[in-house]
Amino acid sequence: MVSGHVDAGEDFITAAIREGSEEAGVQIAESDLNLAYIQHYSRPDRAYVNVFFDVEKYAGEILNTEPNKCSDLSWFEINNLPENTIPYIKVAISDMLLGKNTGVWGWN
């Protein structure tokens, strides 16, 4: 999944559009972002709110534009994700497949 942090002075919609461009080389219109899931994620040193979007329409060709940060950018069967998929991402995908639109990770 393409992901990243919201920069100072930026909302999460603008961040999603920017990250799509920076990490995957695609241009996404705001109207093509569909809110899919919100996750409250806890680490020992801080908590995050992760916002996940479905994007079915974009311009450009998907490329791994940050190979120093991302080992691969490929399509995978939703029930056959790579072993190195980040755990909180796996939980979010599992929840979405169950029809959930909110969840938590790391609070136990």
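Where a number appears in this text, it was derived from the coordinates with a stated rule and is not lab data. Bear in mind the structure is a predicted one, so any value in this text is a computation, not a measurement. Virtual Cβ from ideal backbone geometry, glycine too; neighbours counted across all protein chains shown.
Using C-alpha pairs below 8 Å separated by at least 6 residues, the relative contact order for the chain is 27 percent.
With the charge dipole of the chain set up from +1 on Lys and Arg Cβ and -1 on Asp and Glu Cβ about the Cα centre, the Cα lying farthest toward the positive end among the listed residues Ile28, Thr65, Asn84 is that of Asn84.
Sorted from fewest to most neighbouring beta carbons within 10 Å, what does the list Trp105, Trp75 look like? Could you put the intermediate results ahead of the total?
On the way: Trp105 19, Trp75 6.
By the 10 Å Cβ count, ascending, the order reads Trp75, Trp105.
Rounded to the nearest 20 debye, the dipole magnitude of the chain is 420 debye, with +1 charges on Lys and Arg beta carbons, -1 on Asp and Glu beta carbons, and the Cα centre as origin.
Using the 10 angstrom Cβ neighbour count as an exposure proxy, how do Ile86, Ile62, Ile17 rank, fewest first?
On the way: Ile86 11, Ile62 15, Ile17 21.
Arranged by neighbour count, lowest to highest, Ile86, Ile62, Ile17 become Ile86, Ile62, Ile17.
Under 23 Å of direct C-alpha separation, and excluding same-chain neighbours fewer than eight residues apart, Lys100 reaches these lysines: Lys57, Lys90. Note on Lys90 and Ile38: the model spin-label points, each 7 Å out from Cα along the C-beta direction, lie 2.7 nm apart. Take every DSSP beta bridge whose two residues both sit in the range 12-105; close to 75 percent of them are antiparallel. With q set to 0.24 Å⁻¹, the log10 of I(q)/I(0) for the chain, from the Debye formula over equal scatterers at the Cα positions, is -1.62. Given 37 °C and 0.692 mPa s, compute D for the range 1-58 with the Stokes-Einstein relation, Rh being the Kirkwood radius over Cα pairs; round to the nearest whole µm²/s. Translational D for this selection: 271 µm²/s.
When the chain is fully extended, how far beyond the present Cα-Cα distance does Asn50 get from Lys100, taking 0.36 nm per residue of separation? Before the final figure, lay out each step's value.
Working: separation 50, 0.36 × 50 = 18.00 nm, distance 1.43 nm.
Residue separation times 0.36 nm, minus the Cα-Cα distance, leaves 16.6 nm.
Calculated FRET efficiency, Ala8 and Asn80, Cβ-Cβ r, R0 35 Å, to nearest 0.05?
Numbers: r = 38 Å, r/R0 = 1.08.
Once the sixth-power term is evaluated, E becomes 0.40.
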